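Where a number appears in this text, it was derived from the coordinates with a stated rule and is not lab data. Fair warning: this is a prediction, and the values are worked out from it, not measured in the lab. Heads up, the Cβs are rebuilt from the backbone with ideal geometry, glycines too, and the neighbour counts pull from every protein chain shown.
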């Protein structure tokens with residue numbers, strides 16, 4: 001079995017702490033997790049700045065605003081009509097069930113809360129787990145395309161592996177530590193963007209010595 005702590009150490013030595021997720025509040029993380037689907041983070045930052053400048057970065061206000069106006073505000077994030085609909089669905093769930101209060105979410109057992117999030121239209125496993133880990137500070141590992149590339153290219157999982165397989169691999173082979181999961185995922189994103197691209201750039205990768 002691969003020593004994931006060695007992978008973590010190599011990445012941390014190379015990149016240093018990532019301090020992810022960049023946001024001022026847990027609610028901002030939740031909004032960002034939805035907006036970042038299929039787009040670069042720089043575009044999400046522009047959309048969030050718009051919401052802040054319009055005084056809309058608030059669960060009740062986003063719940064009340066009409067979808068077309070919201071779509072215009074988040075236009076920089078791309079797929080803005082789709083994402084506006086997803087935000088509205090999330091706000092309807094968050095405000096109706098929990099009054100838009102983050103502290104009430106934190107009182108729900110993690111697995112039950114994850115199941116509820118996955119029932120919200122437009123919220124998939126990666127988005128749900130990003131909310132659990134980064135906004136609510138619960139120890140769940142977030143997997144994504146970068147994770148898939150790393151695991152399959154290093155022979156740690158087969159190419160048939162799905163999201164749950166990747167998540168289980170990390171959660172079974174690492175201490176269940178929220179800070180570790182947070183930092184490790186952010187480091188995988190960093191190496192994925194720079195080296196583990198669709199066309200791999202292995203020569204200078206900090207993990208090259210671990211390739212099979």
On the first, second and third principal axes, largest extent first, how far apart are the outermost C-alpha atoms of region 26-135 in Å? 35, 26, 20
When the helix-only estimate is applied to the chain (DSSP H runs of n ≥ 4, each -39,500 (n - 2.57), divided by the residue count), what is the mean residue ellipticity at 222 nm, nearest 500 deg cm²/dmol? -17500 deg cm²/dmol
So what is the relative contact order for the chain, in percent, with contacts set as C-alpha pairs under 8 Å and at least six apart? 24
Computed from the mean reciprocal separation of all distinct C-alpha pairs, what Kirkwood hydrodynamic radius does the chain have, in Å? 18.0
Cα centroid separation, region 5-55 to region 71-118 (Å): 17
Taking R0 as 45 Å and r as the Cβ-Cβ distance between residue 58 and residue 165, the FRET efficiency 1/(1 + (r/R0)^6), rounded to the nearest 0.05, comes to 0.75
Under the 0.36 nm per residue contour assumption, what length would be gained going from the current alpha-carbon distance of residue 201 and residue 112 to full extension? 28.0 nm
